[in-house]
Amino acid sequence: MMMRSFHRLSLPGRLWVCLLLPTFLSCSHSAGSYAPDEVRTTLDMTLAPRALMEQDSTLMLNELHPYLCYADEDSPAPEGYKPFYISHYGRHGSRTIHKEAPLLKVMSVIQPAFEEDGLTPLGRQLYDTLMLLKRQTDGNVGMLTRKGVLQHTGIATRMFARFPEVFEGEAYVSCISTVVPRCIMSMSHFAMVLKGLQPELDIRMDCSERYTRWMNAKDVERINRVDKMVNQAFPLDERAMLARIFKRTQKNKTGFMDALFRTLATGLNLDQSVSGLHFFTKEELASLWSRYNVHEYMNCSNPAEIGYERMRLFTPLIDSLIVGADRALAAAGKASLSAGGGYEKPHAADLRFGHDYPLMTILCFFEPEGLETGLTMDQVNQRFATVRWISMASNLQLIFYRRADDAGCVSEEDVLVKVLHNESEVKLQGMTPVSGPYYRWSDLRHTLLSRAAQYR
């Protein structure tokens, strides 16, 4: 099918497929074969937070860590069931620094000290590191890096290889994103891969403020409340760091260490990697990780102290998942029944591209095993690690399976779904699967609507 379509492509189209083909051929349904430059992590991400960090100190970067791919071999679906639709929410890939303010704060302190020979040898090393990072950031704040591109092309390639039945013929694929450029670029590269592998696909891309409202909803009052709570609970003592960096005592430089961490933490996502964790002591890193780990949980789920405001904000996103699935089921039934008459395209996939906070929130709706909701602030760092759930390009995929009867009809009761987090099958708390990770869609649909109803 691909080769027949290949000869109908323009020369640029043929070149694109040729570039992608080695990547496609490297993928298979079995574990162990992944797209170039993106491999399954060998880390045990199920460990308790402290033990998890001891495996690799870069895991202290929390949601700023480059993509952690968990892809694994697919469990056999029940007999007679085949995949026909994918619903997806993905975070943008690796980017440069999110905002320039932390870098500007750090440079406003370290640049004058450098010019006045006020830096220690370690301080001069830090200055050189910051300049390497700054050169890749100037005029490029918040933008997708080449690493971010490779993350999404890898995810798309593996999706196509694992579930080729979904992308047959002229099937329709909807791609939407928020208006943030890194999300738009993530969507575009993802879609180009699918189009290159199956040129007949009807892929439509769109972005607008309308989507941003419910794919990246903001609650400034809650964010400010969380900031205040975290700052009070996890104060930072930066005197020792300032003494290691500067020859002379730095006064009124509160917030330097925090700004420095936020700046350097992005370094591994840059095209020319910048490593900066060694400028902090083990104790300082533990304090910084604690702050931001708690902040992510408190801001993105339903912690005991704050409640369900964040969950309420993203009930429209849950509605979108359900409406998309309902539409795909309806299209599947019509396509099956229209023999020789008016043909209706199968609805192959709804692909959404957004940000980390919304993804963390909708994960709390699904309640995968290992993710605890309703924790108190004191419990978070013992029982939750942001990096396990959210890294750059993290994603949630719902893979729908159907079994048609002799007449080609598909009923909701015959539809199964499995959930992938970072491309790995997960089981869901409070639900009974039909087998393995496969759940009846009617059950999951009811569960999602019931949970959403609690928060509306």
>> As an exercise: evaluate residue 62 against (1) modelled with pLDDT of 95 or more; (2) surrounded by fewer than 12 Cβ atoms within 10 Å (Cβ to Cβ) and give the number of the one condition it does not meet.
In response: (2)
> What is the number of the single condition among (1) among the hydroxyl-bearing types (Ser, Thr, Tyr); (2) assigned to a helix (DSSP H, G or I); (3) at pLDDT below 95 that residue 263 does not meet?
Replying inline: (3)
>> Checking residue 274 against (1) touching a residue at least 60 places away in the same chain (Cβ under 8 Å); (2) within 26 Å of residue 113 (Cα to Cα); (3) in a loop (DSSP other than H, G, I, E, B); (4) more than 22 Å from the chain's Cα centre (by Cα), only one condition comes out false. Which one?
In response: (4)
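Yes/no per residue for (1) assigned to a helix (DSSP H, G or I); (2) closer than 24 Å to residue 393 by Cβ; (3) at pLDDT 95 or above:
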position	(1), (2), (3)
326	yes, no, no
329	yes, no, no
336	yes, no, no
342	no, no, no
345	no, no, no
351	no, yes, yes
359	yes, yes, yes
363	yes, yes, yes
> What's the number of the condition residue 203 fails, among (1) buried (at least 17 other Cβ atoms within 10 Å of the Cβ); (2) in contact with a strand residue (DSSP E or B) (Cβ under 6 Å, 6 or more places away or on another chain); (3) touching a residue at least 60 places away in the same chain (Cβ under 8 Å)?
Replying inline: (3)
>> Being out of contact with any Asp or Glu (no Cβ under 6 Å at 6 or more places or on another chain) and crowded, with 19+ Cβ neighbours inside 10 Å is true for just one of 277, 270. Which residue is that?
In response: 270
> Which pairs have Cβ atoms under 6 Å, sit 6 or more apart or on different chains, and link a residue in segment 314-331 that is within 22 Å of residue 364 (Cα to Cα) to one that is of a type in the set (Gly, Ala, Ser)?
Replying inline: 315/452; 318/452; 321/87; 324/87; 325/87
> Quick one: would you say residue 89 is of a type outside the set (S, T, N, Q), at pLDDT 95 or above and part of a helix (DSSP H, G or I)?
Replying inline: no
> Of all the residues that make up segment 435-456, how many are surrounded by 15 or more Cβ atoms within 10 Å (Cβ to Cβ), more than 22 Å from the chain's Cα centre (by Cα) and hydrophobic (A, V, I, L, M, F, W, C)?
Replying inline: 1
> Limited to segment 172-200, what total is found for residues that are farther than 30 Å from residue 456 by Cα, hydrophobic (A, V, I, L, M, F, W, C) and in contact with a helix residue (DSSP H, G or I) (Cβ under 6 Å, 6 or more places away or on another chain)?
Replying inline: 4
> Which residue, of 129, 153, 157, 212, is crowded, with 18+ Cβ neighbours inside 10 Å, over 17 Å from the mean Cα position of the chain (by Cα), assigned to a helix (DSSP H, G or I) and hydroxyl-bearing (Ser, Thr, Tyr)?
Replying inline: 129
> Pick from segment 132-150 the residues that are surrounded by fewer than 20 Cβ atoms within 10 Å (Cβ to Cβ) and of a type in the set (D, E, K, R): which of them is nearest to residue 243 (Cα to Cα)?
Replying inline: 134
>> Residues to consider are 215, 229, 185; find the one that is of a type outside the set (Gly, Ala, Ser) and at pLDDT 95 or above.
In response: 185
>> Looking only at segment 247-258, count every residue that is surrounded by fewer than 20 Cβ atoms within 10 Å (Cβ to Cβ), in contact (Cβ under 8 Å) with a residue 12 or more places away in the chain and farther than 15 Å from residue 60 by Cβ and tell me the total.
In response: 6
> Among the residues of segment 278-313 satisfying the criterion of being within 22 Å of the chain's Cα centre (by Cα), assigned to a helix (DSSP H, G or I) and among the hydroxyl-bearing types (Ser, Thr, Tyr), which is farthest from residue 242 (Cα to Cα)?
Replying inline: 297
> Of all residues in segment 182-192 being more than 12 Å from residue 206 (Cα to Cα) and not aliphatic (A, V, I, L, M), which is farthest from the chain's Cα centre (by Cα)?
Replying inline: 189
> Could you list, in sequence order, the residues of segment 240-259 that are in contact with an Asp or Glu (Cβ under 9 Å, 6 or more places away or on another chain) and under 30 Å from residue 379 (Cα atoms)?
Replying inline: 240, 241, 254, 255, 256, 257, 258
> So which pairs qualify, if the first residue must be in segment 70-82 and in contact (Cβ under 8 Å) with a residue 40 or more places away in the chain, the second must be of a type in the set (Asp, Glu) and assigned to a loop (DSSP other than H, G, I, E, B), the Cβ gap must be under 6 Å, and the two must be at least 6 apart or on different chains?
Replying inline: 70/423; 71/423
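The values are calculated or read from the model by the stated rules, or taken from the named source; none is laboratory data. Source: prediction; values computed, not measured. Neighbour counts are summed over all protein chains in view; Cβ atoms, including those assigned to glycine, are modelled from backbone coordinates with ideal geometry.
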